[in-house]
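These notes are about the structure you will find just below.
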Amino acid sequence: MVLTWMKKSRMAAAIFVLLRLYIGVKWLSAGWGKLTGEGFSSAGFMANAVENPITDKATGLLVYPVYTGFLEHFALPNADLFNLIIPIGEFLVGLGLILGAFTTTAVLFGLLMNFMFLLAGSISTNPWMVLLGGIILIGGANAGKFGLDYYLLPYMKTRFQRIAGKSRNGGDNPFKPTAG
(Lines give C-alpha, C1' and ligand atoms only; values in the text may rest on other atoms or scores of the structure.)
Protein backbone atom coordinates (compact mmCIF):
# COMPACT_ATOMS: atom_id res chain seq x y z
CA MET A 1 0.00 0.00 0.00
CA VAL A 2 2.80 2.44 0.87
CA LEU A 3 4.72 1.47 -2.27
CA THR A 4 1.65 2.04 -4.42
CA TRP A 5 1.19 5.45 -2.80
CA MET A 6 4.85 6.31 -3.42
CA LYS A 7 4.65 5.24 -7.06
CA LYS A 8 1.26 6.76 -7.98
CA SER A 9 0.21 9.51 -5.58
CA ARG A 10 0.40 13.17 -6.60
CA MET A 11 1.09 14.02 -2.93
CA ALA A 12 4.06 11.64 -2.97
CA ALA A 13 5.23 13.22 -6.24
CA ALA A 14 5.12 16.63 -4.54
CA ILE A 15 7.16 15.32 -1.60
CA PHE A 16 9.65 13.85 -4.06
CA VAL A 17 10.13 17.33 -5.54
CA LEU A 18 11.30 18.58 -2.14
CA LEU A 19 13.62 15.59 -1.66
CA ARG A 20 14.94 15.94 -5.22
CA LEU A 21 15.64 19.63 -4.78
CA TYR A 22 17.42 19.10 -1.45
CA ILE A 23 19.66 16.30 -2.69
CA GLY A 24 20.04 17.89 -6.12
CA VAL A 25 21.36 21.14 -4.68
CA LYS A 26 23.84 19.17 -2.54
CA TRP A 27 25.15 17.24 -5.56
CA LEU A 28 25.13 20.22 -7.92
CA SER A 29 27.01 22.49 -5.52
CA ALA A 30 29.56 19.77 -4.72
CA GLY A 31 30.23 19.19 -8.41
CA TRP A 32 30.22 22.87 -9.32
CA GLY A 33 32.65 23.68 -6.52
CA LYS A 34 35.06 21.04 -7.79
CA LEU A 35 34.68 22.12 -11.42
CA THR A 36 35.23 25.82 -10.77
CA GLY A 37 37.57 25.62 -7.78
CA GLU A 38 41.33 25.81 -7.63
CA GLY A 39 41.72 22.28 -8.87
CA PHE A 40 40.09 19.21 -7.48
CA SER A 41 42.21 16.15 -6.82
CA SER A 42 40.82 12.85 -5.65
CA ALA A 43 44.31 11.32 -5.31
CA GLY A 44 44.74 12.28 -1.65
CA PHE A 45 41.34 10.91 -0.69
CA MET A 46 41.98 7.65 -2.55
CA ALA A 47 45.52 7.30 -1.17
CA ASN A 48 44.18 7.79 2.36
CA ALA A 49 41.49 5.16 1.75
CA VAL A 50 44.20 2.72 0.62
CA GLU A 51 46.60 3.55 3.46
CA ASN A 52 43.87 3.52 6.13
CA PRO A 53 41.27 1.07 4.86
CA ILE A 54 38.24 -0.01 6.84
CA THR A 55 39.26 -3.05 8.85
CA ASP A 56 37.52 -5.46 11.17
CA LYS A 57 38.43 -4.39 14.71
CA ALA A 58 38.59 -7.98 15.98
CA THR A 59 40.67 -9.53 13.20
CA GLY A 60 42.34 -6.54 11.56
CA LEU A 61 41.28 -7.88 8.14
CA LEU A 62 40.07 -5.59 5.40
CA VAL A 63 36.30 -5.24 5.33
CA TYR A 64 36.22 -4.24 1.64
CA PRO A 65 39.36 -5.77 0.11
CA VAL A 66 38.03 -5.68 -3.46
CA TYR A 67 37.24 -1.97 -3.21
CA THR A 68 40.61 -1.21 -1.62
CA GLY A 69 42.27 -3.14 -4.46
CA PHE A 70 40.22 -1.22 -7.01
CA LEU A 71 41.37 2.07 -5.51
CA GLU A 72 45.00 1.01 -5.27
CA HIS A 73 45.40 -0.66 -8.66
CA PHE A 74 42.96 1.18 -10.88
CA ALA A 75 41.60 4.42 -9.45
CA LEU A 76 44.85 5.86 -8.05
CA PRO A 77 46.88 5.22 -11.21
CA ASN A 78 44.04 6.87 -13.15
CA ALA A 79 43.41 9.72 -10.70
CA ASP A 80 43.32 12.27 -13.52
CA LEU A 81 40.35 10.46 -15.04
CA PHE A 82 38.57 10.34 -11.69
CA ASN A 83 39.34 14.03 -11.14
CA LEU A 84 37.20 14.66 -14.20
CA ILE A 85 34.51 11.99 -13.72
CA ILE A 86 33.68 12.78 -10.08
CA PRO A 87 32.86 16.51 -10.40
CA ILE A 88 31.04 16.07 -13.72
CA GLY A 89 29.09 13.15 -12.25
CA GLU A 90 28.17 15.10 -9.12
CA PHE A 91 27.09 18.08 -11.22
CA LEU A 92 24.98 15.99 -13.61
CA VAL A 93 23.34 14.03 -10.78
CA GLY A 94 22.40 17.34 -9.14
CA LEU A 95 21.11 18.81 -12.39
CA GLY A 96 19.04 15.72 -13.16
CA LEU A 97 17.48 15.72 -9.70
CA ILE A 98 16.74 19.44 -9.68
CA LEU A 99 15.16 19.36 -13.15
CA GLY A 100 13.46 16.02 -12.60
CA ALA A 101 15.13 14.73 -15.76
CA PHE A 102 16.03 11.04 -15.84
CA THR A 103 15.38 11.14 -12.11
CA THR A 104 15.79 7.45 -11.34
CA THR A 105 19.02 7.28 -13.36
CA ALA A 106 20.38 10.39 -11.65
CA VAL A 107 19.54 9.15 -8.17
CA LEU A 108 20.97 5.72 -8.97
CA PHE A 109 24.31 7.25 -9.98
CA GLY A 110 24.18 9.47 -6.90
CA LEU A 111 23.68 6.40 -4.71
CA LEU A 112 26.57 4.68 -6.47
CA MET A 113 28.85 7.61 -5.66
CA ASN A 114 27.59 7.73 -2.06
CA PHE A 115 28.40 4.05 -1.62
CA MET A 116 31.87 4.51 -3.13
CA PHE A 117 32.57 7.29 -0.63
CA LEU A 118 31.22 5.13 2.22
CA LEU A 119 33.34 2.14 1.16
CA ALA A 120 36.37 4.42 1.28
CA GLY A 121 35.52 5.36 4.87
CA SER A 122 33.97 8.79 4.35
CA ILE A 123 30.82 9.08 6.43
CA SER A 124 29.98 12.81 6.15
CA THR A 125 26.43 13.29 4.79
CA ASN A 126 26.55 10.07 2.76
CA PRO A 127 24.20 8.01 4.98
CA TRP A 128 21.50 10.71 4.74
CA MET A 129 22.03 10.99 1.00
CA VAL A 130 21.70 7.20 0.68
CA LEU A 131 18.51 7.17 2.74
CA LEU A 132 16.84 10.02 0.85
CA GLY A 133 18.14 8.79 -2.51
CA GLY A 134 16.77 5.32 -1.78
CA ILE A 135 13.35 6.80 -1.04
CA ILE A 136 13.43 8.68 -4.35
CA LEU A 137 14.52 5.52 -6.17
CA ILE A 138 11.58 3.59 -4.71
CA GLY A 139 9.26 6.28 -6.05
CA GLY A 140 10.43 5.47 -9.57
CA ALA A 141 8.89 7.53 -12.34
CA ASN A 142 6.58 9.29 -9.87
CA ALA A 143 9.64 10.98 -8.37
CA GLY A 144 10.08 12.94 -11.61
CA LYS A 145 6.38 13.50 -12.31
CA PHE A 146 6.67 17.20 -11.49
CA GLY A 147 9.74 17.69 -13.62
CA LEU A 148 11.07 17.06 -17.11
CA ASP A 149 10.41 13.33 -16.74
CA TYR A 150 6.72 14.15 -17.25
CA TYR A 151 7.65 14.90 -20.88
CA LEU A 152 10.79 12.82 -21.37
CA LEU A 153 9.53 9.40 -20.24
CA PRO A 154 6.46 9.24 -22.53
CA TYR A 155 8.56 10.50 -25.45
CA MET A 156 11.26 7.91 -24.85
CA LYS A 157 8.67 5.15 -24.41
CA THR A 158 7.12 6.05 -27.77
CA ARG A 159 10.52 6.18 -29.47
CA PHE A 160 11.58 2.80 -28.07
CA GLN A 161 8.25 1.23 -29.02
CA ARG A 162 8.66 2.53 -32.57
CA ILE A 163 12.16 1.11 -32.78
CA ALA A 164 11.05 -2.23 -31.32
CA GLY A 165 7.96 -2.30 -33.56
CA LYS A 166 10.06 -1.68 -36.65
CA SER A 167 12.36 -4.52 -35.64
CA ARG A 168 9.45 -6.88 -34.90
CA ASN A 169 7.91 -6.19 -38.29
CA GLY A 170 11.03 -7.33 -40.10
CA GLY A 171 12.57 -3.90 -40.45
CA ASP A 172 16.20 -3.10 -39.75
CA ASN A 173 16.78 -5.67 -37.01
CA PRO A 174 20.49 -6.40 -36.67
CA PHE A 175 19.73 -9.43 -34.49
CA LYS A 176 17.40 -11.16 -36.94
CA PRO A 177 19.10 -14.18 -38.51
CA THR A 178 19.54 -14.00 -42.24
CA ALA A 179 18.54 -16.79 -44.57
CA GLY A 180 21.27 -18.73 -46.24
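The values are calculated or read from the model by the stated rules, or taken from the named source; none is laboratory data. Everything numeric in this text was worked out from a predicted model, so none of it was measured. When we count neighbours, we look across all protein chains shown, and the Cβ atoms used for this are built from the backbone with ideal geometry, even at glycine. Note: areas computed on protein heavy atoms with side chains; ligands, DNA, RNA excluded. Shrake-Rupley method; radii C 1.70, N 1.55, O 1.52, S 1.80 Å.
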Problem set entry | Net +/- balance of residues flanking TRP32 in space, Cβ distance below 12 Å, scoring K and R +1, D and E -1 | +1
Exercise. Rolling a 1.4 angstrom probe over the protein heavy atoms, how many square angstrom per residue are accessible across the chain?
Worked result: 64
Problem set entry | Surface/4 of the Cα convex hull for region 48-95, nm² | 4.1
Exercise. Kirkwood Rh, region 1-153, all Cα pairs: how many Å?
Worked result: 16.5
Exercise. Which of ASN78, ASN126, ASN114 moves the most in a Gaussian network model of the chain with Cα springs under 10 Å?
Worked result: ASN78
Exercise. Carbon and sulfur: what percent of the chain's accessible surface (1.4 Å probe)?
Worked result: 68
Exercise. Mean separation of Cα pairs under 8 Å and 6+ residues apart, divided by the residue count of the chain: what relative contact order is that in percent?
Worked result: 30
Seminar exercise, completed: Computed for region 1-66: size of charge dipole around the Cα centre, +1 on C-beta of each Lys and Arg, -1 on C-beta of each Asp and Glu, debye to nearest 20, value 580
Exercise. Gaussian network model of the chain, Cα springs within a sub-10 Å range: biggest mean-square fluctuation belongs to which of GLY44, GLY110, GLY133?
Worked result: GLY44
Exercise. Taking +1 at the Cβ of each Lys and Arg and -1 at the Cβ of each Asp and Glu, which of ASN83, ILE136, MET46 sits farthest along the dipole of region 1-155 towards its positive end, judged by Cα position relative to the Cα centre?
Worked result: ILE136
For this session: Identify which of GLU38, GLU72, GLU90 has the largest mean-square fluctuation in a Gaussian network model of the chain, with springs joining Cα atoms closer than 10 Å.
Result: GLU38
Seminar exercise, completed: Reported to the nearest 10 Å², THR55 has, with a 1.4 Å probe, an accessible area equal to 60
